[in-house]
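Asker: Below is the structure I would like to discuss, written out as structure tokens.
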Amino acid sequence: MRVLVSGGAGYIGSHTVLALVAAGHDVLVVDDFSNSKPTIIARMEALSGKSIPIHGFNLTDVDKTERLFATEQIDAVIHFAGFKAVGESVAKPLEYYRNNLDSTFSLANAMANHGVAKLVFSSSATVYGEKAPVPYQETYEYLSAASPYGQTKVMVERVLSDVAKAHAGWKVALLRYFNPVGAHPSGEIGEDPQGIPNNLMPFIAQIAVGRRDKLVVFGDDYPTADGTCERDYIHVMDLAAGHVAALEHLGSMDEPVRAFNLGTGVGTSVLELLHAFERASDRKLPYVVGDRRPGDLAAYWADPSRANQELNWRATRTIDEICADTWRWQSKNPQGFPDS
Ligand SMILES: NC(=O)c1ccc[n+]([C@@H]2O[C@H](COP(=O)([O-])OP(=O)(O)OC[C@H]3O[C@@H](n4cnc5c(N)ncnc54)[C@H](O)[C@@H]3O)[C@@H](O)[C@H]2O)c1
């Protein structure tokens, strides 16, 4: 297939582009580089051995999106583009709703206008809200989210479900990621957050290279084995493989829209992850215990059995591999991707 990857210069998108090329698909990318750097492209091309066409514009621009579909052959779309920082979304809700919803509207409109009916969407475990039983299952109906960011995922899932049902032949996979971490095993591409990392793994990796002093663990009195929060960390290479599996499954899907959890099914605590990274980097990583953070859930992980069975996919990489690959990326690129 010739696949348009929106947000393909970002963290998960870039790894997925490589997995798509490796599986024999043709790829073109649209990204406005609002949260990524153009220097990633040369590395993706070196790793894949292919030239990767990039369209550098903002998808909320309806005219440019239309023109792209009018001039390029596109068989399917994987839609990663969007803002993703939970805290920032609370401070700037309008920017989040506008970017994440408008980019989806432009894309879905252009798809409908040009007869493109296959779509894979980046959703999140955040749509399970605060009350879903653990492990999370796709059959849980009461989707909700505490932050504007999470609400955009709930809303886009709803929009795409309605559009898929209304247009004959549409097939949409809603992929609910758990906690993506890790890097390409080459150490050439990986997660490169701008500013202070919001997520645990890049924060730990930046302590290991000396960019941050110490980790503040938000609470150690949760009802978990060591008292710190547990999450389902999934290697970005496993996640990328999940996108290829979902894309290739769309043609044989019975219903117009289906949600899939992409997770491992296992929870790992903050301290377990920190200690695994100490082993991988062979250095001591300082931490202090701080207060609980409002809104944090004690522990959750995926029931990935639907994706295991229907997509014939499963996450195979361990926490130790995740840490080894992240360390290779961060130690080779302590400041992330170069500006030029
Ligand atoms: N990383 C996670 O922990 C996580 C978890 C669950 C879901 N997701 C979702 O997965 C997707 C990808 O996440 P990521 O971690 O790779 O994020 P990322 O920020 O690294 O990648 C997103 C890319 O989209 C681009 N972009 C943003 N808005 C755009 C627009 N309007 N037009 C064109 N390009 C635009 C950015 O420049 C960036 O390169 C996002 O939708 C995110 O919400 C991520």
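Asker: How much accessible area per residue does the stretch 209-319 have, counting only protein heavy atoms and a probe of 1.4 Å, in square angstrom?
Answerer: On the way: 5100 Å² over 111 residues.
Heavy-atom SASA per residue in the stretch 209-319 reads 46 Å².
Asker: How many Å³ per residue does the convex hull of the Cα positions in the chain occupy? If you can, show how the numbers build up before the last one.
Answerer: Working: hull volume 42.5 nm³, N = 340.
Spelled out: Cα convex hull of the chain, divided by residues, is 125 Å³.
Asker: Equivalent ellipsoid semi-axes for the stretch 209-283, as square roots of 5 times the alpha carbon gyration tensor eigenvalues: give them largest first, rounded to whole Å.
Answerer: 34, 17, 10
Asker: So how strong a dipole does the stretch 128-283 carry about its Cα centre when Lys and Arg Cβ are +1 and Asp and Glu Cβ are -1, to the nearest 20 debye?
Answerer: My answer is approximately 320 debye.
Asker: Further question on the same structure: Give, in nm to one decimal, the length gained when the segment between PHE57 and ASP213 is fully stretched (0.36 nm per residue of separation minus the Cα-Cα distance).
Answerer: Fully extending the segment from PHE57 to ASP213 adds 52.5 nm.
Asker: So what's the projected area for the stretch 159-213, the Cα convex hull averaged over all directions, in nm²? Write out the running numbers ahead of the final one.
Answerer: On the way: hull surface 25.1 nm².
The number I arrive at for the stretch 159-213 is 6.3 nm².
Asker: Please name which of LEU273, ILE319, PRO286 has its Cα lying farthest along the dipole of the stretch 271-334 towards the positive end, using unit charges on Cβ (Lys, Arg +1; Asp, Glu -1) and the Cα centre as origin.
Answerer: Looking along the dipole axis, the top candidate is PRO286.
Asker: Now for a separate question. Once Rh is set to the Kirkwood radius over Cα pairs, what Stokes-Einstein translational diffusion coefficient, in µm²/s, holds for the stretch 9-112 at a temperature of 20 °C and a viscosity of 1.002 mPa s?
Answerer: Numbers: Rh = 14.6 Å.
Result for D is 147 µm²/s.
Asker: Now a separate question. Once each part is reduced to its C-alpha centroid, what is the distance from the stretch 34-107 to the stretch 255-291 in angstrom?
Answerer: Centre-to-centre distance over Cα atoms comes out at 27 Å.
Asker: Further question on the same structure: Determine the dipole magnitude for the chain: charges of +1 sit on the beta-carbon of Lys and Arg, -1 on that of Asp and Glu, nothing else is charged, the reference point is the Cα centre, and the result goes in debye to the nearest 20.
Answerer: So the magnitude is around 280 debye.
Asker: For the pair VAL288 and GLU72, how long in nm is the line joining their label points, each one 7 Å along Cα→Cβ?
Answerer: Each label point is offset 7 Å from its Cα along the Cβ direction, giving 4.8 nm.
Asker: Explain nothing, just the number: relative contact order of the stretch 170-234, from Cα pairs under 8 Å at least 6 residues apart, as a whole percent. Please list the in-between numbers first.
Answerer: Values: 47 pairs, mean separation 20.9, N = 65.
Relative contact order here is 32 percent.
Asker: Calculate for the chain the 222 nm mean residue ellipticity that helices alone would give, adding -39,500 (n - 2.57) per DSSP H run of length 4 or more and normalising by residue count, nearest 500 deg cm²/dmol.
Answerer: Taken over the chain, the calculation gives -12000 deg cm²/dmol.
Asker: Moving on to the next point. Using the Cα centre of the stretch 241-300 as the reference point, and only Cβ charges (+1 on K/R, -1 on D/E), how large is the resulting charge dipole? Debye, rounded to the nearest 20. Walk me through the numbers before you get to the answer.
Answerer: Numbers: 6 positive and 8 negative charges, 66 e Å.
In debye, rounded to 20, the stretch 241-300 gives about 320.
Asker: Which of VAL62, VAL30, VAL172 moves most in a GNM of the chain, Cα contacts under 10 Å?
Answerer: Judging by the Gaussian network model, the answer is VAL62.
Asker: Once you compute Rg and the Kirkwood Rh from C-alpha atoms, what is the Rg to Rh ratio for the stretch 182-340? Before the final figure, lay out each step's value.
Answerer: Values: Rg = 17.1 Å, Rh = 17.0 Å.
Rg/Rh: 1.01.
Asker: While we're here: Would you list TYR97, TYR142, TYR149 from the most to the least accessible area, probe 1.4 Å? Don't skip to the end; give the middle numbers.
Answerer: Details: TYR97 65, TYR142 160, TYR149 30 Å².
Largest accessible area first, the list is TYR142, TYR97, TYR149.
Asker: Mind ranking ARG328, ARG43 by accessible surface for me, highest first, 1.4 Å probe?
Answerer: ARG328, ARG43
Asker: Something else: When only Cα pairs under 8 Å and 6 or more residues apart are kept, what is the percent relative contact order across the chain?
Answerer: Normalised by residue count, the contact order of the chain is 20 percent.
Asker: Still on this structure, I have one more. Considering only CYS229, THR126, ALA208, whose Cα is most displaced toward the positive end of the charge dipole of the stretch 125-237, charges sitting on Cβ of Lys, Arg (+1) and Asp, Glu (-1)?
Answerer: Ranked along the dipole, the leading option is THR126.
Asker: Taking loop as defined by DSSP and a crowding limit of 11 other beta carbons within 10 Å, which trypsin sites (Lys or Arg not before Pro) in the stretch 214-281 fit?
Answerer: Here the sparse-neighbourhood loop sites are LYS214.
Asker: Could I get the Rg over Rh figure for the stretch 291-340? Both from C-alpha atoms, Rh via Kirkwood, rounded to two places.
Answerer: Rounded to two decimals, Rg over Rh is 1.15.
The values are calculated or read from the model by the stated rules, or taken from the named source; none is laboratory data. Note that the structure is a prediction, hence the values are computed from the model and not measured. Reconstructed Cβ throughout: ideal geometry from the backbone, glycine too, with neighbour counts over all protein chains shown. Note: areas computed on protein heavy atoms with side chains; ligands, DNA, RNA excluded. Shrake-Rupley method; radii C 1.70, N 1.55, O 1.52, S 1.80 Å.
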